[in-house]
Every structure is written in C-alpha cells, then in structure tokens.
Amino acid sequence: MLNNMSTQEFNTIVVANADGLKPFAITLTRDHEAAQDLYQETLFKAIAHKDKYQPGTNIRAWLCTIMRNIFINDYRRNERKHQIIDTLRYVEHQNSYSLNAERNVRLKEIHSAIHNLPIIFKNACVLYLQGYKYNEIALALDEPLGTIKSRIHFARKLLQKQVDR
C-alpha cells in the first residue's frame, strides 16, 4: 500500500523524477522511438503498481528497475520470436515440396486443435505461444499465477492428445 502517501503525492514524485529516465531509456534501446515507448510503458507500470512502492525509498532507482525489467522482458520475448522465425526458415529451407504439404497439413491440425481448446485454456495458451511469460499472462487475464500455469499445462496436454491422434 501507499501507507501515508496519497496518490497525488505519489504521482508528483514520479513526474518529478520522470525526466531522468529518458537518458537511461536511450542507453538501453539505442533508438529514440523505442526509448520513448519504453519510457511511457515505465511510467504506466509505475503508476499502475504504485502500491508496490515503499515511501521513503529511492524513487529513481525504483523507476529505473521497472524500466530495466521491461526492457529485459521485451528483449527476451523478441529473442524467442527470432529463434522461432529462424527455426521455421531453416525447416522451410530443408523441406522438399512433399514435406511442405505434410507440414502444412500438420500446421492446420495444430491451429485447429488450438482453436478447439476450451476458452478457459485457449486464452492463456495463445498468449503463452505468442511469447508472453506466465506472470504477464496472469496480469493480462487478471488470474492468479498458479491458475495460469495450470491452464497452460492442461492446454498442452489437450493439444498433445489432439495432435497425436
């Protein structure tokens, strides 16, 4: 909780320390547009999670930690996407026309299996397959972390059964 600090007081100290984040964002991203996006997302998350700020602690360090974590999570998500894309390109290069047809049928089966998942499992599963982390999915779906992990686990099991048939 904010303890004795009001939302107005919190917003005031965040705004007062916000300009110091811009150079750090540029250092991390090395791109002005990406830095601006990172800066805005950091301020959004700081305000959204103001209850996690401990009054009296270094607000600038807290904001920089939020920014660094956002940057690292985005970097990891993008790395996974690039690895998947590179793998798909390699597979496409290695496959002959007959394997392409077989692969396309298999991909359609997988997409169909995902589409036919019960909605309670499908949302979490799709977000996971898009590269989001469990805690990000839990926040997005407003569900406990354990529930999200269970749903993704059961979705995987259901998909495995469908695809193995």
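General remarks:
- Number of the exception - His32 against (1) in contact with a Leu (Cβ under 9 Å, 6 or more places away or on another chain); (2) free of Cβ contacts under 8 Å to residues at least 40 places away in the same chain: (1)
- Among the residues of segment 4-34, the ones that are under 13 Å from Arg68 (Cβ atoms) and touching a helix residue (DSSP H, G or I) at 6+ places or on another chain (Cβ under 8 Å) come to 5 in all.
- Each residue in segment 112-145 was checked for being in a helix (DSSP H, G or I), more than 17 Å from the chain's Cα centre (by Cα) and surrounded by fewer than 16 Cβ atoms within 10 Å (Cβ to Cβ), and 4 of them qualify.
- Near pairs, Cβ below 9 angstrom, 6+ apart or cross-chain, from segment 11-23 (touching a residue at least 40 places away in the same chain (Cβ under 8 Å) and within 19 Å of Ala48 (Cα to Cα)) to any residue that is assigned to a loop (DSSP other than H, G, I, E, B) and hydrophobic (A, V, I, L, M, F, W, C): Ile13/Met5
- Top-ranked residue in segment 35-70 [being among the charged types (D, E, K, R) and surrounded by 12 or more Cβ atoms within 10 Å (Cβ to Cβ); ranked as nearest to Phe10 (Cα to Cα)]: Lys50
- The condition of being modelled with pLDDT of 80 or more, of a type outside the set (S, T, N, Q) and more than 30 Å from His49 (Cα to Cα) holds for only one of Glu143, Glu109, that being Glu109.
- With respect to being buried (at least 17 other Cβ atoms within 10 Å of the Cβ), of a type outside the set (Ser, Thr, Tyr) and closer than 19 Å to Lys45 by Cβ, Leu159 falls outside the description.
- Contacts under 6 angstrom Cβ, first residue in segment 69-84 being closer than 17 Å to Leu129 by Cβ, partner at pLDDT 75 or above, 6 or more apart: Arg77/Gly131; Arg80/Gly131; Lys81/Gly131
- Scanning segment 1-45 for residues that are of a type in the set (A, V, I, L, M) and within 22 Å of Tyr75 (Cβ to Cβ) yields Leu21, Ala25, Ile26, Leu28, Ala34, Ala35, Leu38, Leu43.
- Checked against (1) in a loop (DSSP other than H, G, I, E, B); (2) open to solvent by 60 Å² or more (accessible area, probe 1.4 Å); (3) not polar (S, T, N, Q), Arg80 passes all but a single condition, namely (1).
The values are calculated or read from the model by the stated rules, or taken from the named source; none is laboratory data. Being a predicted model, the structure only gives us computed values, none of them experimental. Note that each Cβ is placed from the backbone with ideal geometry, even for glycine, and that neighbours are counted across all protein chains shown. Note: accessible area is taken over every heavy atom of the protein model, side chains too, but ligands, DNA and RNA are not part of it. Shrake-Rupley method; radii C 1.70, N 1.55, O 1.52, S 1.80 Å.
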